[in-house]
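Here's the structure we're looking at; comments come further down.
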Amino acid sequence: MANTILILAEQLRGSLSDITFEMLGEGRKLANALGVPLYAALLGSEAASLAAKLGAADKVFVVDNASLNMAPANTTAAALKAVMDQAQAGLVLIGGTNVSMGVGAVLSAKANLPFVNYCRAIRADGGAVVLTSQLFGGKILTDVKLTDGKGIVSVYPGAFQADAGKSDKTPAIEKVEVSVEAPKVTFKKYIEPETGDVDITKQNVLIAVGRGIQDKGNVELAEELAATLGGAVCASRPVIDQGWLPLSRQVGKSGMTVKPRLYLALGISGAPEHWEGMQGSQCIVAVNTDPKAPIFDGAHYGIVGDALEFIPLLTDKVKARKG
Ligand SMILES: Cc1cc2nc3c(=O)[nH]c(=O)nc-3n(C[C@H](O)[C@H](O)[C@H](O)COP(=O)(O)OP(=O)(O)OC[C@H]3O[C@@H](n4cnc5c(N)ncnc54)[C@H](O)[C@@H]3O)c2cc1C
């Protein structure tokens, strides 16, 4: 098998996901460094119409088959293995997202190649490929070397710039016929997130509240600060679990990944599962009564103090500054 690079182009409800372009950008750099072609695989009945948008790839392999729409990992992996063989791919990049999670591990078994999960960085090292993998929610980063450049890689969403993978070029397109077994699990329906709520992934300023906010009434203090600063309120899991804010505001492993310019963490301890979702913020300011709270290990600025005293104080200062 030659060492071409293949990415699984991910789509949701007819649109290509950001992770697709993240992988295309990074895959392009790696392919250039290794002197091999970069290919993309598009699976599903809406695939053909999206192929032209994958210009960063040299060629797009399209499997136009309705059984692959929102298919379970096993079905997707079987079709991807067929594309992998056709493309003579040695390295396959797959998004570590809710949509594609699970495909990599199955494909690794089918292709008998090593699987590297939670990849945050990729580089060529001679003919080898070195991948930086994130463990324990980002507390540990480890380098994994694929000496022959072959393996299956799950790419951590948000690790790379999506814009780097966008191109006006027109890729070559090749149709692949794959016989797909009827999936044992079928997709029933897509449940829309609660409407009318803010998208915390699009905010420049996030005021994040944790268990230290103490009761539901105090969330209003954070709401006022967010409105004053022109941002939105988000939260750690205990706040969501208690029903003080909707699930769409949860940041972390089982919530959203956010990268605002300012992340103000109020009464949040900084558990790995929370850190995972906000570590990419440009400026993290933490307020916590406990000077040993883990959040201070990674925050850019730390304030040891009571968030309930700090919030109204800051709100008043910002209002006064704004006149
Ligand atoms: C599989 C799995 C997935 C998970 N997913 C997520 C996730 O997506 N997001 C998430 O957030 N968590 C997640 N968790 C939970 C996570 O492990 C932590 O339990 C959670 O992040 C803790 O939230 P917290 O920091 O608000 O609460 P705590 O850990 O209880 O911390 C509260 C902090 O507030 C401080 N404090 C108390 N009073 C004040 C005050 N008046 N002023 C200032 N500081 C004060 C305390 O010193 C403490 O540091 C997950 C866990 C598991 C096992």
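The values are calculated or read from the model by the stated rules, or taken from the named source; none is laboratory data. Keep in mind it's a predicted model, so treat the numbers as computed, not measured. Counting neighbours? That spans all protein chains shown, and the Cβs are built from the backbone with ideal geometry, glycine included. Surface areas here come from the heavy atoms of the whole protein model, side chains and all, with no ligands, DNA or RNA. Shrake-Rupley method; radii C 1.70, N 1.55, O 1.52, S 1.80 Å.
Quote the charge dipole size of the chain about the Cα centre in Debye, to the nearest 20; the model charges only the Cβ of Lys and Arg (+1) and of Asp and Glu (-1).
That gives the chain a dipole magnitude of about 340 debye.
Kindly identify the range 137-290 as rounded, prolate or oblate by the Cα gyration tensor criterion: order the square roots of the eigenvalues as a ≥ b ≥ c, call it rounded if a/c is under 1.5, otherwise compare a/b with b/c, prolate if a/b is larger, else oblate.
The shape class here is prolate.
Can you give the calculated 222 nm mean residue ellipticity of the chain, where each DSSP H run of n ≥ 4 adds -39,500 (n - 2.57) and the sum is split over every residue, rounded to the nearest 500 deg cm²/dmol?
Values: 9 runs with 88 residues, N = 323.
So the helix-based figure for the chain works out to -8000 deg cm²/dmol.
Keeping all protein chains in place, calculate the accessible area per residue for the range 194-310 (probe 1.4 angstrom), answer in Å².
About 47 Å² of surface per residue is accessible.
Highest first, please rank the peptides 8-18, 47-57 by the mean number of other Cβ atoms sitting within 10 Å of their residues.
47-57, 8-18
Which trypsin sites (Lys or Arg not before Pro) in the range 239-281 sit in a loop by DSSP (not H, G, I, E or B) and have at most 13 other Cβ atoms within 10 Å of their own Cβ?
Sites meeting the loop and neighbour criteria: ARG261.
What FRET efficiency, computed as 1/(1 + (r/R0)^6) with R0 = 25 Å and r the Cβ-Cβ distance, is obtained for GLU177 and ASN32, rounded to the nearest 0.05? List each step's numbers first, then the result.
Details: r = 31 Å, r/R0 = 1.23.
So the FRET efficiency works out to roughly 0.20.
Bins of 10 Å, beginning at zero and ending with the bin holding the largest distance: percent of Cα pairs per bin for the range 1-67, please.
23, 53, 21, 2
Å³ per residue of the Cα convex hull, for the range 200-322? Spell out each step's value before the answer.
Details: hull volume 10.8 nm³, N = 123.
For the range 200-322, the hull spanned by Cα atoms encloses 88 Å³ per residue.
For the ranges 264-272, 297-305, 104-112, what's the packing order if you count other beta-carbon atoms within 10 Å of each residue, average per peptide, and put the highest first? Display every interim value, and only then the final one.
On the way: 264-272: 24.9, 297-305: 15.0, 104-112: 18.3.
Descending packing order for the listed peptides: 264-272, 104-112, 297-305.
Among VAL287, VAL155, VAL180, determine the one that fluctuates most according to a GNM of the chain built with springs between C-alpha atoms less than 10 Å apart.
With Cα springs under 10 Å in the chain, the top fluctuation among VAL287, VAL155, VAL180 is at VAL180.
In Å, what Kirkwood hydrodynamic radius results for the chain from the alpha-carbon pair distances?
21.2 Å
Roll a 1.4 angstrom probe over the protein heavy atoms and tell me the percent of accessible area of the range 30-132 that is carbon or sulfur.
That share works out to 46 percent.
Give me the 1.4 Å probe accessible area per residue for the range 1-155, excluding ligands and nucleic acids, in Å².
Numbers: 5810 Å² over 155 residues.
Accessible area per residue, the range 1-155: 37 Å².
Pull out a ≥ b ≥ c, the square roots of the eigenvalues of the alpha-carbon gyration tensor of the range 162-238, then state rounded if a/c is under 1.5, prolate if not and a/b is larger than b/c, and oblate in the remaining case. Intermediate results must be reported in sequence, preceding the final value.
Values: a/c = 3.93, a/b = 1.90, b/c = 2.07.
Oblate.
I want to check the label-to-label distance for SER15 and LYS292. Put each point 7 Å from Cα in the C-beta direction and report it in nm to one decimal.
Between SER15 and LYS292, the label points sit 4.6 nm apart.
Please list GLU181, GLU223, GLU192, GLU26 from largest to smallest accessible area, probe radius 1.4 Å, with all protein chains kept in place.
Working: GLU181 145, GLU223 75, GLU192 105, GLU26 20 Å².
Largest accessible area first, the residues go GLU181, GLU192, GLU223, GLU26.
Does the range 4-175 come out rounded, prolate or oblate by the C-alpha gyration tensor, with a ≥ b ≥ c the root eigenvalues, rounded set by a/c under 1.5 and, if not, prolate when a/b is larger than b/c and oblate if not?
Rounded, because the longest to shortest axis ratio a/c is under 1.5.
Peptides 73-79, 209-215: what's the order by average Cβ count within 10 Å, highest mean first?
On the way: 73-79: 21.9, 209-215: 20.1.
Per-residue mean Cβ counts within 10 Å order the peptides as 73-79, 209-215.
Of the options TYR190, THR75, ASN112, report the single residue whose Cα projects farthest towards the positive end of the charge dipole of the chain (beta-carbon charges: Lys, Arg +1; Asp, Glu -1).
Value computed over the given set: ASN112.
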